[in-house]
Amino acid sequence: MIDLETAGNGPHHVCEIGWQDVAQGSDGRWHVNEERGALLVNPGRPILPDTMAVHHIIDADVADAPFWKTIASSVLRPEKGVLALAAHRAAFEQRYCTPRFTGNADWICTWKCALRLWPHLPRFSNQMLRYQRMPEGLVREIGLPAHRAMPDAYVTAHHLRDMLNEASAEQLIAWSREPGLLPRVPAGPERGKSWNRLSSDVLQAFARDRDTDIRFTAQTELTRRGEFTGPAQSQPDQTSLF
């Protein structure tokens, strides 16, 4: 499980990386183990006030830290190896954790998987999942302060553990390669409605929406009804291990 804090939007503007491992035990169940940590990173630029206000990392904290291109691979490709990397809304981390640093590792997005496994929940941010679900074994003090890399990775790892104990790793990876399948309409006049309650005309309009997740979800519901007339949705290849 990986979490990043950043100084800006550039490809190397990471100012902290945190990690928390999830491993499969001899009992076949997945567990959050003691392998966790964090490293400050010199982003090579001043940290924006907007981002300081989120994570409270200031320029002085990272002045003597290594640069991202120097440290990234040592964290993302440890000696023991990883079968996959994971993050909440993993598209953000993947902007910085490129194949150059990850060795083309597979990814699991816990946000996308939460939409699939726990669609009854009202919200799906990392911290809202924490308090809606109250995962077993989560030590409150380790998961604080929020919006720092290691505590956030630690919290997300508990969601990932529970996901892996509900669905196969192959399935989580496959869901993570697709857009998010939203359980309800997120905005507009139909906000809060489940997609199966919408008329076909409304769904056809959503199927042309600019938002990838909305478009994908509407197309999925139309396909379920046998009414989708657009290009066939491609199915991702599943890999063998997490």
Do we find a residue being assigned to a loop (DSSP other than H, G, I, E, B) and in contact with an Asp or Glu (Cβ under 9 Å, 6 or more places away or on another chain) anywhere in the stretch 197-206? yes
Of all residues in the stretch 77-116, count the ones that are open to solvent by 40 Å² or more (accessible area, probe 1.4 Å), at pLDDT 95 or above and of a type in the set (V, I, T). 1
So for the stretch 182-189 (the condition being open to solvent by less than 20 Å² (accessible area, probe 1.4 Å), modelled with pLDDT of 95 or more, more than 19 Å from the chain's Cα centre (by Cα) and hydrophobic (A, V, I, L, M, F, W, C)), does at least one residue qualify? yes
Based on what the data block shows, is L144 open to solvent by less than 50 Å² (accessible area, probe 1.4 Å) and touching a Pro at 6+ places or on another chain (Cβ under 9 Å)? no
Output the qualifying pairs, or none if there are none: Cβ atoms under 7 angstrom, residues six or more apart or on different chains, first residue in the stretch 135-147 and under 19 Å from R161 (Cβ atoms), second residue surrounded by 13 or more Cβ atoms within 10 Å (Cβ to Cβ) and hydrophobic (A, V, I, L, M, F, W, C). G137/V32; L138/V155; G143/V155
With the condition kept exactly as written, say whether any residue in the stretch 170-178 is free of Cβ contacts under 8 Å to residues at least 60 places away in the same chain, surrounded by 20 or more Cβ atoms within 10 Å (Cβ to Cβ) and not basic (K, R). no
The stretch 56-76, subset touching a strand residue (DSSP E or B) at 6+ places or on another chain (Cβ under 8 Å) and open to solvent by 80 Å² or more (accessible area, probe 1.4 Å), residue farthest from F101 (Cα to Cα): D64
Only residues that are more than 19 Å from the chain's Cα centre (by Cα), open to solvent by 70 Å² or more (accessible area, probe 1.4 Å) and touching a residue at least 24 places away in the same chain (Cβ under 8 Å): list them for the stretch 25-55, please. R29, R45, P46
For the stretch 102-113, pairs from a residue that is under 14 Å from P78 (Cα atoms) to a residue that is open to solvent by 20 Å² or more (accessible area, probe 1.4 Å) and of a type in the set (V, I, T), with Cβ under 8 Å and 6 or more apart or across chains, are A105/V82
What about I17, is it assigned to a loop (DSSP other than H, G, I, E, B), among the hydrophobic types (A, V, I, L, M, F, W, C) and open to solvent by less than 20 Å² (accessible area, probe 1.4 Å)? no
All but one of (1) surrounded by 13 or more Cβ atoms within 10 Å (Cβ to Cβ); (2) more than 27 Å from P78 (Cβ to Cβ) hold for Y131, so report the exception by its number. (1)
For residues that are assigned to a strand (DSSP E or B) and not basic (K, R), tally how many sit in the stretch 22-52. 14
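The values are calculated or read from the model by the stated rules, or taken from the named source; none is laboratory data. It should be emphasised that the depicted structure is a prediction, and the values quoted were computed from it without experimental measurement. Cβ atoms come from the backbone with ideal geometry, glycine included; neighbour counts cover every protein chain shown. In case anyone asks, the SASA skips ligands and DNA or RNA and just uses the protein heavy atoms, side chains included. Shrake-Rupley method; radii C 1.70, N 1.55, O 1.52, S 1.80 Å.
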